[in-house]
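Input: a single structure, listed below in structure tokens.
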Amino acid sequence: MDAEIIQFEPASEFLENRPFSEIRVGDSGSLVRSVSMRDIQLFAAVSGDVNPAHVDALYAKSSHFHEIIAHGMLGASLISTVLGTRFPGPGTIYLGQNLKFLKPVHIGDTLTVTVTVKARDELRRRLTLDTRCLNQHGEVVIEGEAEVMAPKEKLRIHRTELPEPLLAGKITEAD
């Protein structure tokens, strides 16, 4: 059987998984997401990571990158999004991840986040996946390898609708 690439519409009403029995080496799933200043601010608020390279435009201008950059873990968190909501999907247990941050992610960058099955462990129902985030120029910004326990059974569940988060406070120059 040929490897299968899974891409879902972000606004899909349902989350559907692929159980371990249906997954083969070479299968993959992905999502595309643009990174905004609002994303960076929300990530900083939730994580507490207010490193000025991510949230202070004046400081960032004098830094190595000369502008605000996204948290590396913001980009990496999109890998978790693929695993838990797209491929393998709901019921997946994220066991481990190694990462290399190769290039900064800038405000306005569009990331394509892809996970690809590299190996299967039939006995433990585990998958080893190559994980990769590319920017809109096709440059690898984050790469690594994840280990997951894939779901045993097929699931199709309604996507939980979340409230729209609000940011209060000063508007920064980068907004």
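A few remarks follow.
- Percent of Cα-Cα distances greater than 15 Å, calculated over the range 115-156: 52 percent
- Measuring r between the beta carbons of HIS106 and LEU162 and using R0 = 25 Å, the FRET efficiency lands at 0.45.
- Tensor-based shape of the chain (alpha-carbon gyration tensor, a/c under 1.5 rounded, otherwise prolate or oblate): prolate
- Karplus-based coupling profile of the range 125-134, in residue order and whole Hz: 6, 10, 10, 9, 10, 6, 10, 8, 10, 10, with θ = phi - 60° in 6.51 cos²θ - 1.76 cosθ + 1.60 and x standing for Gly or Pro.
- Full-extension gain in nm, ASP39 to PHE65, via 0.36 nm per residue minus C-alpha separation: 7.5 nm
- Estimated distance in nm for a label pair at ALA57 and VAL140, the labels positioned 7 Å out from Cα along Cα-to-Cβ: 3.4 nm
- Note that the chain presents 59 Å² accessible area per residue, ligands and nucleic acids not counted, probe 1.4 Å.
- Rounded to the nearest 20 debye, the dipole magnitude of the chain is 420 debye, with +1 charges on Lys and Arg beta carbons, -1 on Asp and Glu beta carbons, and the Cα centre as origin.
- Value of D in µm² per second that Stokes-Einstein yields for the range 81-175, Kirkwood Rh from Cα pairs, at 4 °C (1.567 mPa s): 82 µm²/s
- For LEU95, residues with placed amide H under 5 Å, excluding near neighbours: GLU147, VAL148, MET149
- Helix 37-47 vs. the chain, principal-axis angle (Cα, 0 to 90°, nearest 10): 70 degrees
- Put simply, the amide H of LEU155, placed in the peptide plane, has neighbours under 5 Å in ASN17, leaving out anything fewer than 5 places away on its chain.
- A Gaussian network model of the chain, with springs between Cα atoms under 10 Å, assigns the largest mean-square fluctuation among LEU162, LEU42, LEU111 to LEU162.
- Semi-axis lengths (Å, descending) of the ellipsoid that matches the C-alpha gyration tensor of the range 15-93: 34, 12, 9
- Near ASP27, the amide H atoms lying under 5 Å from its own belong to GLU4, VAL117; only residues 5 or more places off or on other chains count, and H is placed 1.01 Å from N.
- From phi via Karplus (6.51, -1.76, 1.60), per-residue ³J(HN,Hα) for the range 59-75 in Hz, x at Gly/Pro: 4, 4, 4, 8, 8, 3, 9, 6, 6, 4, 10, 6, 4, x, 6, 5, x
The values are calculated or read from the model by the stated rules, or taken from the named source; none is laboratory data. Keep in mind the model is a prediction, meaning the values are calculated, not measured. Positions of Cβ are generated from backbone atoms using ideal geometry, with glycine treated the same way; all protein chains shown enter the neighbour counts. What goes into the accessible areas is simple: the full protein's heavy atoms, side chains included, and nothing from ligands, DNA or RNA. Shrake-Rupley method; radii C 1.70, N 1.55, O 1.52, S 1.80 Å.
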